[in-house]
Amino acid sequence: CSDDDNIYNRLIVHNANVALQRETQKRQQHEMLSNLHVTSETATTTMSVGVIQYHYPNGKFPQHIDHCNDRSWVYLLSLGCSANFVVKGPYHDREKKKQMPFQFNSGDVLVFDPSSDAAIVHGVESINNDGDDFFPSDSVGCPEEFRQYRFGVQCRVKMPDPS
């Protein structure tokens, strides 16, 4: 890792922590947020973090392409219950490959280019009731919500202009 890579990693972790701390504060006030967003900037990098809470079993997010043509990358982190997640690129159509959902487990990370040229289709088909598998009831410090919901944490990092 270069020093620049470490800066991005630190920004991702910092902003994800800020977003999740806000979620925890709301939870303590008996208000669960379903969507939360934080933005941070340095001289060369802009990063935003969003958190979406998906309820079991009907939590969904339609398949889509982001069309973010701003030199950014997306890091998706899954926490809590697993999601049946679809991701496919343009090669699927050319090679007549069938799209298959995969189980996006708690702690898994997916990184992709959100540009129109990359044309990465992605979405959540459903949420599994498996939070207890990842977070047993005797887990110390585990938020109860991780056993009942999936939290999708999206970090979007806009890379510096090469000029």
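Remarks
- Sequence ranges 108-120, 47-59, 75-87, 148-160, ranked by mean other-Cβ count within 10 angstrom, highest first: 75-87, 148-160, 47-59, 108-120
- For the pair Glu144 and Thr46, the difference between a 0.36 nm per residue extended length and the Cα-Cα distance amounts to 32.1 nm.
The numbers here are math on the coordinates, done by the rules we state, and not lab data. The shown structure was predicted, so the numbers you read here are calculated from the model rather than taken from an experiment. When we count neighbours, we look across all protein chains shown, and the Cβ atoms used for this are built from the backbone with ideal geometry, even at glycine.
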